[in-house]
Amino acid sequence: MAAVAARYDELQALGVDVISVSVDSIFTHKMWNDHELTKMVDGGIPWMMATDSAGNVGKVYGVYDEDSGVELRGRFIIDPDGVIQAAEIMTPPVGRNLDETIRQIQAFQLVRETGGAEATPAEWQPGKPTLKPGPELVGQVWKVWKPE
Amino acid sequence: MITAKVGKAAPDFGAPAYKEGAFTSVQLSDYVKKGWTLLCFYPGDFTYV
């Protein structure tokens, strides 16, 4: 979560807010934030740290592991219409890549801003060419995009 | 039970929460009204990764 907190200003600039969820109590959240996370990131966690003690939220999102009684490492990008545009679920030992999360947010925002008139090809980064889906692009993608 | 699916509406939920020194509560639908939301689950406080 410290890795997300370190990029929070960037996320806020993109109009994104964060909610984090684990099975820990709000009291444990406070202890973790105050005694460890504040030593990793100035100010600690600036968003709602939610408690899902029975795993009910995690079950709905498909991230609650019944065997261990904890949530897997899950990440969902939800647009302003409340639609889940992207999801990533990992077992606990591997951490997140915020560069990729932010890249996906920027890509979904571009698609939304263009009303779906533009799509982003594989490996797309902000500023790179997009694709304009339509009949004239069929069989012609090679002219405008290829893997680098 | 409604389950979360990519491309479909995110199931709403409410939960107790801690934020910047205060015990409070969070409702996903309040966030959706304001913009984009990054919803992150993790195995537990004080875990290593």
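The values are calculated or read from the model by the stated rules, or taken from the named source; none is laboratory data. Quick caveat, the model's predicted, so the values are computed rather than measured. No Cβ is skipped: glycine too gets one built from the backbone with ideal geometry, and neighbour counts run over all protein chains shown. Accessible surface areas use protein heavy atoms only, side chains included; no ligands, DNA or RNA. Shrake-Rupley method; radii C 1.70, N 1.55, O 1.52, S 1.80 Å.
The table for this structure:
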| item | result |
| --- | --- |
| Relative contact order (percent, whole number), chain A, Cα cutoff 8 Å, 6+ residue spacing | 15 percent |
| For chain B: relative contact order, % (alpha-carbon pairs under 8 angstrom, 6 or more apart) | 21 percent |
| Antiparallel DSSP beta bridges within segment A:2-113, percent to nearest 5 | 65 percent |
| Cβ-placed point charges (K, R +1; D, E -1), dipole of the protein assembly as shown about Cα centre in debye, nearest 20 | 480 debye |
| Within chain B: Cβ-based charge dipole about Cα centre, in debye rounded to nearest 20 (Lys, Arg +1; Asp, Glu -1) | 240 debye |
| Order of exposure, largest accessible area first, which applies to B:Glu20, A:Glu71, A:Glu113, A:Glu36 with probe 1.4 Å | A:Glu113, B:Glu20, A:Glu36, A:Glu71 |
| Protein-only accessible surface order, largest first, of A:Leu98, A:Leu14 at 1.4 Å | A:Leu14, A:Leu98 |
| Within segment A:32-113: Cβ-based charge dipole about Cα centre, in debye rounded to nearest 20 (Lys, Arg +1; Asp, Glu -1) | 140 debye |
| Charge-dipole axis of chain A as Lys and Arg at +1 and Asp and Glu at -1 on Cβ define it, positive-most pick from A:Leu110, A:Leu72, A:Gly55 | A:Leu110 |
| Leading residue at positive end of dipole, chain B (Cβ point charges), from B:Gly44, B:Tyr18, B:Ser29 | B:Ser29 |
| Angle in degrees between helix A:98-113 and the longest Cα principal axis of chain A, rounded to the nearest 10 | 50 degrees |
| For chain A, calculated [θ]222 nm from helices alone, where every DSSP H run of n ≥ 4 adds -39500 (n - 2.57) | -7500 deg cm²/dmol |
| Per residue, the convex hull volume that the Cα atoms of segment A:2-113 enclose (Å³) | 108 Å³ |
| Among beta bridges that DSSP assigns inside the protein assembly as shown, antiparallel share in %, nearest 5 | 70 percent |
| Peptide A:24-34, shielding by other chains (average Cβ, 10 Å cutoff) | 5 |
